[in-house]
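Novice: Got a structure here, written out as structure tokens. Questions coming.
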Amino acid sequence: MTVSDGDWTPSYRGGHRRASGAFTMSTTMSTVRRLGAITVPPRFAAAAIVLMALPLLAAGLKAVSGPPPSETGPGIVVPLFTPRPVGSEPPSATPSSPAPASESAAPPSTSRPPAPRTTSRAPAPPRLPASYEAEAAARDGRVEVRSLDRASGGRYVGNVGDDDDNTLRFTVSAPAAGQYTLTIHYINGERYRYAYLRVNDSVGWLRFASTGSWQTVGSASLRITLRAGTNTVEFGNPYSWAPDFDRIVLSQP
């Protein structure tokens, strides 16, 4: 048997296959084999082959039992499992990565917590009857405040009418939408005087009878319709003088 470096390929009876740089062994062992400089009798040829194969087997075992391939090479994913109690969540088979931004926990807020909401109480509904003084109402044009002992609070308002600008405007409050009684306290020394009454967007004309003198306060009542909350009540007369006004009183019908 001739020894050379490399792998080996067996030959067959009646001929042989030979690989370049391979061991070649004849299947006919009737001749003396040469192992290097050692001459082996034919009856010991099989034992010699086994002895020759031992270094090759040892090298193969060493190659199999060597370190595993690199686990960090490109394209290599090595699942990692950890022993766990039965029923616990299995660990991820791949290295964990940060959750997407939409699933990540929000960073702690550095802003101040919102101030506690304060609920303001709604204003109490007006108590009726409610009295509104003419001198406290809005006056336009030449409308003026005058003094009279018999008037409520010792004062009243004159010069209403005879022009579009000479008006007297009250702001009143109603607890709910509906009809109310409006009582007008006025002064008229003549037989009749006229004035329009504007309640929000509705307008009507009123005729005021004489109170007997310009120092006497009289009253007249009528029904008006108000909306809940704030309402406007206005007096005027663009054609002639209206009566003088002391106050108005709003009450339930």
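Every number here is computed from the coordinates shown, using simple stated rules; none is lab data. On a predicted model such as this, the values are computed, not experimentally measured, just so you know. Ideal geometry is used to build each Cβ from the backbone, glycine not excepted, and the neighbour counts take in all protein chains shown.
Novice: By count of other Cβ within 10 Å, fewest leading, how are Tyr194, Tyr186 ordered?
Specialist: On the way: Tyr194 15, Tyr186 26.
Final ranking by Cβ density, sparse to dense: Tyr194, Tyr186.
Novice: In nanometres, what is the gap between the two model label sites at Ala209 and Ser152, each 7 Å from Cα along Cα-to-Cβ?
Specialist: Placing both labels 7 Å beyond Cα along the Cβ direction yields 2.1 nm.
Novice: Can you find, among Val160, Thr225, Ser210, the residue sitting farthest towards the positive end of the charge dipole of segment 160-253, where Lys and Arg contribute +1 and Asp and Glu -1 at Cβ?
Specialist: About the Cα centre, the residue reaching furthest to the positive side is Thr225.
Novice: Give the Rg/Rh ratio for segment 157-253, taking Rg as the radius of gyration of the Cα atoms and Rh as the Kirkwood radius, to two decimals.
Specialist: Using Cα coordinates only, the ratio equals 0.97.
Novice: Ranking Asp140, Asp201 by Cβ neighbours within 10 Å, fewest first, what do you get?
Specialist: Numbers: Asp140 15, Asp201 6.
The most exposed by this proxy come first: Asp201, Asp140.
Novice: Using the count of nearby Cβ atoms within 10 Å as a rough guide to exposure, how do Arg139, Arg223 rank from fewest to most?
Specialist: Starting with the residue having the fewest Cβ neighbours, the order is Arg223, Arg139.
Novice: Got a sec? Which residues in segment 209-253 would a label at Thr171 touch, if it sits 7 Å along Cα→Cβ and we count backbone N under 13 Å?
Specialist: Answer for segment 209-253: 230-233.
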